[in-house]
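Peer 1: Before I ask anything, here is the structure I am working with.
The values are calculated or read from the model by the stated rules, or taken from the named source; none is laboratory data. These numbers come from a predicted model, not from an experiment. Neighbour counts run over all protein chains shown; Cβ positions are idealised from the backbone, glycine included.
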Amino acid sequence: MRKKRSVVGTIAFYLVLILLATITLIPFMWMLSSSFKSAETIRTIPIRWIPEHPSLEGYRRVFNMEGFSFVRASLNSLFLSVACTIVQVMSACMAAFVFTKMPFKGSNKLFGLYLATMMIPGTVTMVPNYIILRMMGLLNTYTGLILPSLANAFGVFLMRQSMLSLNDSYLESAMLDGATLYRVFFVIVLPMVGPTLATMILLAFMGSWNSYLWPLIVLTSTSKQTLQVVLGNMNGIYKNKENILMAGAVLTIMPILVVYLLTQSKVDSGISLGGLK
């Protein structure tokens, strides 16, 4: 009797998971299907999930927009995502290393105060950050976009939780052998927290790639705009041509989706090792 209940419970559990997965995938499948349709075919009822006459018109229009360059915007997003990821990851790892392996008076209180900033919505700090960048003359520059990446409380917390599990004897042995503090950090500590580091890199890259509001505020030149901003502008230009909008959305999410699928296992193990089970 218990076995039957267990089997029924397992089947029900997986059925619920399949249902939730299907509900989650429907918008993505609709977006992919619509990107190969004409604007008129999208509005037909009943809905046709598989286009009868697939067309690449939407993708051609995306790469031939007037006033915007989709390729240039993609390269801008790639550059900014890589730069912001490097800045976020390195600053978070260094801060976490200091908090865990180089404690100082009041370090726990400072860390708690630093974590408290996670409760402040990002939209609240945008105005002060904007004013600071204006005073520094960094508006409409990539530097102005990258600088706020230096402060990443979640990244510090994630890396600190992982570094707490490292045995101090490894570090002490390396320093007794003459290794410098920088060598200990880069050669010993970072490889030992590899899964969490990979998770941090992926999350930072995804956050930078998907960022829309901050680049929209800081950047004013069309040639410097990121992919998400250009996609937002497309919504106004092609508001009645959903196939073009869907094609742009597919091209925008494909790189980050591929990266996530390739590193999904590392994300799961990294978050678990980081103490976020």
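Peer 1: Among the residues of the stretch 67-115, what is the count of those that are assigned to a helix (DSSP H, G or I), more than 21 Å from Pro148 (Cβ to Cβ) and of a type in the set (Gly, Ala, Ser)?
Peer 2: Count: 3.
Peer 1: Moving to a separate point now. Being assigned to a helix (DSSP H, G or I) and hydrophobic (A, V, I, L, M, F, W, C) is the filter here; which residues of the stretch 116-137 pass it? So that I can check it myself, show each step before the final result.
Peer 2: Start the filter on the stretch 116-137 by keeping residues that are assigned to a helix (DSSP H, G or I), which leaves 116-119, 122-136.
Correct list: Ala116, Met118, Met119, Val124, Met126, Val127, Ile131, Ile132, Leu133, Met135, Met136.
Peer 1: Output the residues belonging to the stretch 152-200 that are under 30 Å from Gly122 (Cα atoms) and among the charged types (D, E, K, R). Before the answer, list the steps.
Peer 2: We begin by selecting, within the stretch 152-200, every residue under 30 Å from Gly122 (Cα atoms); these are 152-164, 190, 193-200.
Across the stretch 152-200, the qualifying residue is only Arg160.
Peer 1: Oh, and also: Every residue in the stretch 215-227 that is of a type outside the set (Lys, Arg), in a helix (DSSP H, G or I), surrounded by fewer than 20 Cβ atoms within 10 Å (Cβ to Cβ) and in contact (Cβ under 8 Å) with a residue 40 or more places away in the chain, please.
Peer 2: Within the stretch 215-227, Ile217, Thr222, Ser223 meet the criteria.
Peer 1: Give the residue, chosen from Val82, Val71, Val89, that is at pLDDT 90 or above and surrounded by fewer than 18 Cβ atoms within 10 Å (Cβ to Cβ).
Peer 2: Working: Val71 fails: at pLDDT 90 or above; Val89 fails: surrounded by fewer than 18 Cβ atoms within 10 Å (Cβ to Cβ).
Just one listed residue meets the conditions, Val82.
Peer 1: Here's something else I'd like to know. Determine whether Ile188 is β-branched (Val, Ile, Thr), in contact with a Ser or Thr (Cβ under 7 Å, 6 or more places away or on another chain) and assigned to a helix (DSSP H, G or I).
Peer 2: It is false that Ile188 is β-branched (Val, Ile, Thr), in contact with a Ser or Thr (Cβ under 7 Å, 6 or more places away or on another chain) and assigned to a helix (DSSP H, G or I).
Peer 1: Another question, then. Search the stretch 242-259 for residues that are in contact (Cβ under 8 Å) with a residue 40 or more places away in the chain and over 12 Å from Leu56 (Cα atoms) and pair each with any residue that is of a type in the set (S, T, N, Q) and buried (at least 20 other Cβ atoms within 10 Å of the Cβ) when their beta-carbon atoms are under 7 Å apart and the residues are at least 6 apart or on different chains.
Peer 2: Once the first residue is in contact (Cβ under 8 Å) with a residue 40 or more places away in the chain and over 12 Å from Leu56 (Cα atoms) and sits in the stretch 242-259, its partners that are of a type in the set (S, T, N, Q) and buried (at least 20 other Cβ atoms within 10 Å of the Cβ) give Glu242/Ser34; Val250/Ser35.
Peer 1: Out of Asn140, Asn64, which single residue is without any contact (Cβ under 8 Å) to a residue 40 or more places away in the chain, part of a loop (DSSP other than H, G, I, E, B) and closer than 23 Å to Leu231 by Cβ?
Peer 2: Asn64
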